[in-house]
Every structure is written in C-alpha cells, then in structure tokens.
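Chemist: The following block contains the structure, expressed as structure tokens.
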Amino acid sequence: RIFSFLDVVTLCRCAQVSRAWNVLALDGSNWQRIDLFDFQRDIEGRVVENISKRCGGFLRKLSLRGCLGVGDNALRTFAQNCRNIEVLNLNGCTKITDATCTSLSKFCSKLRHLDLASCTSITNLSLKALSEGCPLLEQLNISWCDQVTKDGVQALVRGCGGLRALFLKGCTQLEDEALKYIGAHCPELVTLNLQTCLQITDDGLITICRGCHKLQSLCASGCSNITDAILNALGQNCPRLRILEVARCSQLTDVGFTTLARNCHELEKMDLEECVQITDSTLIQLSIHCPRLQVLSLSHCELITDDGIRHLGNGACAHDRLEVIELDNCPLITDASLEHLKSCHSLERIELYDCQQITRAGIKRLRTHLPNIKVHAYFAPVTPPPSVGGSRQRFCRCCIIL
C-alpha cells in the first residue's frame, strides 16, 4: 500500500533494493498511472510491451508523449494486455498509424481520453475504428493529423456521441460539413479547438452553436473567414462560454462582441489578437457584462485607446479577477492606461511590446501599486552604440522584463 503512492522513478529505485522489494515495487497494482514524459522519452517498443505485461488490467492511465520509438506492434501488445485503459496519451508518437487505433478499438472498449496529436499518419480509418470500438470516448485530440477529412469526423461522431472535448487544430482538410456532423451528434461537447482550420466558415460554426449548447471553450484562431455571425450565434446559444480564442479573425467587429458580452457573462479568457476592427466599444461592453474575465489579449488591436482601458480598469472584473492583459502593438496606448490599471489587484502580467507611448516611468508608477506584476516591454536604447571599424553597427530594441 505504501508503494502505491510512489511515482515511476521511485518505484524503479525501490525495485533495486532487494528481491522482496522488487516484487512489491513492480506489482501491477502499483502501476495504474504511468507518465514517462519526464522520466525517459527514448524508450523502445519492448519497454511498452513489458509494462503492459506487468500491469495488465490494473493500468488505467498511460502517457507515452514524445516517445518516438514506439510503434504499432508495441501498442497492439499493450492493447491486448491492458484492456481497462481509460486515458492514453500518444502525442508526438510519429510512428503510430491506423493499425494502433484498430488495436485500441478491438481491445480497449473503456477508453475515454485519447491524444493522437502530431501522429500525422492517422487517417479517417482510425476515426472509424474508434467509433466502432470505443463508444465511451469523451476526449479526442487529433491536432495536426492533416489527413483527416469530414468522412472521418462523420464516422467518429456517429459512434461516440458522448464526446465532450475535440481538438482539431491544424486539420486543414476539414470543411463546414464536418462541423455540421459534430453539431448534430455531440450535444455534450464542452471544448472545441479548430485553430488554423482555414476552410471553416460561419455556416459550420453556427451549426456547432445551435447543437452544442453546453460549449464552454472555443478556439477558432486563424479561421479568417468567420464574421460577427459567429459571435451572435454564440451569444444566442452558448451562455456557458468561458473561453473564446479568435486571434487573427479580422472580420470580427464591435457589433458582434457587444452581442456576445451581453449574453455570455461567464467569459474568463478571450484572445482577440489581430481583431483589428474592434475599438474601445468592445472593452466597454466587456467591462459591464463580463465580471469573471481573467485573461484578455488585445495585441495588434490598433484602435484601442486609453479610454477603453479606463473602462476595463473600472469594470466588475478589474479588482478581483483580471490577471493578464496583453497590449502588444497598440500604438494609441499611453502611460494613462497603466494608471487605469492600478486598481486591478489581481493583475499578474501585462504585455506592452511595441507600445511606443509607454515609458519606463509609467511602468515604475504601476509597480508601486502592484509590486509583484510582471511587465514585458520594449525600449529603444537611450544612445546608439559606438561605431566599430568606421561604420555604424545596426542594433535592435532590447526586451526587458521588469
């Protein structure tokens, strides 16, 4: 029982003490959760096979993240021996192919969380297999599996209707049709990541909003085709939304964010980087209607001014909630904004890269009120460096962390 509380490294050390301790330390009941990422990443397939034989039905959670040497054969043996596995992380195991998902489908019907991010050989066949053999699947990460298309998503959701989290970042072949299948079959969906799915438009995301009312986290950063129609649909259908990431979605405006803020009062994190059309009007609405806001990125939102930050600093989230605000490349921001943020007692970090009107003196005054805050900013050297060899040397701004 004492050994059951030990981590992988300590168990291995204990196993070397004596024969008796070896038996106790390597007992399968002590190896229900194994994460090799911080222990050893260059393991071979035979190690996984040995672990599976040792742990058998005891193993519930295994992370092989970044283990480049592990392939389909080892994972087939693993699936046969560890049929009670519930959480499996194969992120970055680039040798994995559809054969692994076929094995998991055949032997691991209790699988709930599966991470296949960056396993670029994965195709629609894997999703079809998981649909047929892993009906309890709740969380699936196939980010950067760019061979997956709408046909694979359709097969997946028809057999795994209980999905709560789906990560599709970098699945560049996905179109609106794939999202329509998700919206129709996954009413329990809470988290959806579509970052850089460049073909996605309003039509697909509106279907998600209408079919997934429990949605709490949506990442559509880089989906440059979406418009305010998405923000309106989120406001009307997804009142529990907590996280919204729409960086580089340059068609979004104050009108859409006004609807969103007035209906989604539980928002905690918003990434609006390069939403270049928004103005202080968006900040006014957030300050009034979003009292739980903790993290806000406004980098490259060049129309934001000190007045918008003033409203944010006086808003309901300012005193106890707001922890991070990013204002990189906001040219209209001055030291006055820093004065408005002095009352944000929970503020931990502020980004001010390339805010030309921010000064060292302004940052120093802010730190007198918030001594633990981390301020990241650029400042040009006061004097140019001396010339060398008769020619003036090029120099860049220096990054400072105060």
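Chemist: May I ask you to list the residues in region 244-274 that are within 13 Å of L298 (Cβ to Cβ), assigned by the TED database to the domain that holds D328 and touching a helix residue (DSSP H, G or I) at 6+ places or on another chain (Cβ under 8 Å)?
Modeler: M270, L272 - these are the residues of region 244-274 that are within 13 Å of L298 (Cβ to Cβ), assigned by the TED database to the domain that holds D328 and touching a helix residue (DSSP H, G or I) at 6+ places or on another chain (Cβ under 8 Å).
Chemist: May I pose another question? Give the residue, chosen from R321, R349, that is closer than 11 Å to V295 by Cβ, in the same structural domain as D271 (by the TED database), open to solvent by 50 Å² or more (accessible area, probe 1.4 Å) and touching a Pro at 6+ places or on another chain (Cβ under 9 Å).
Modeler: R321
Chemist: When region 50-75 is examined, which residues are found to be open to solvent by less than 50 Å² (accessible area, probe 1.4 Å) and more than 16 Å from G28 (Cα to Cα)?
Modeler: If the condition is that a residue be open to solvent by less than 50 Å² (accessible area, probe 1.4 Å) and more than 16 Å from G28 (Cα to Cα), then S63, L64, G66, C67, G69, V70, G71, D72, A74, L75 are the ones that fit.
Chemist: Now a separate question. When you go through D320, D328 one by one, which is the residue that is in a loop (DSSP other than H, G, I, E, B), in contact with a Phe, Trp or Tyr (Cβ under 6 Å, 6 or more places away or on another chain) and at negative phi?
Modeler: D328
Chemist: Going through region 285-305 one residue at a time, which ones are of a type in the set (A, V, I, L, M), within 12 Å of L267 (Cβ to Cβ) and open to solvent by less than 10 Å² (accessible area, probe 1.4 Å)?
Modeler: If the condition is that a residue be of a type in the set (A, V, I, L, M), within 12 Å of L267 (Cβ to Cβ) and open to solvent by less than 10 Å² (accessible area, probe 1.4 Å), then L286, L293, L296 are the ones that fit.
Chemist: Could you pull out the residue among C223, C238 that is out of contact with any helix residue (DSSP H, G or I) (no Cβ under 6 Å at 6 or more places or on another chain) and on the phi < 0 side of the Ramachandran plot?
Modeler: Exactly one of C223, C238 is out of contact with any helix residue (DSSP H, G or I) (no Cβ under 6 Å at 6 or more places or on another chain) and on the phi < 0 side of the Ramachandran plot, namely C223.
Chemist: Something else now. Any idea which of K110, K53 is in a loop (DSSP other than H, G, I, E, B) and either among the basic types (K, R) or in contact with a strand residue (DSSP E or B) (Cβ under 8 Å, 6 or more places away or on another chain) (or both)?
Modeler: Among K110, K53, only K110 is in a loop (DSSP other than H, G, I, E, B) and either among the basic types (K, R) or in contact with a strand residue (DSSP E or B) (Cβ under 8 Å, 6 or more places away or on another chain) (or both).
Chemist: Taking region 306-317 as the region of interest, how many residues are crowded, with 22+ Cβ neighbours inside 10 Å and part of a loop (DSSP other than H, G, I, E, B)?
Modeler: Number satisfying all stated conditions: 2.
Chemist: For region 76-107: of the residues being assigned to a loop (DSSP other than H, G, I, E, B) and open to solvent by 30 Å² or more (accessible area, probe 1.4 Å), which is nearest to N193 (Cα to Cα)?
Modeler: N91
The values are calculated or read from the model by the stated rules, or taken from the named source; none is laboratory data. Because the structure is a prediction, the values reported are computed rather than measured. Because the Cβ atoms are built from the backbone with ideal geometry, glycine has one as well, and the counts that use them run over all protein chains shown. Side chains are part of the model used for accessible areas, which takes the heavy atoms of the whole protein and leaves out ligands, DNA and RNA. Shrake-Rupley method; radii C 1.70, N 1.55, O 1.52, S 1.80 Å.
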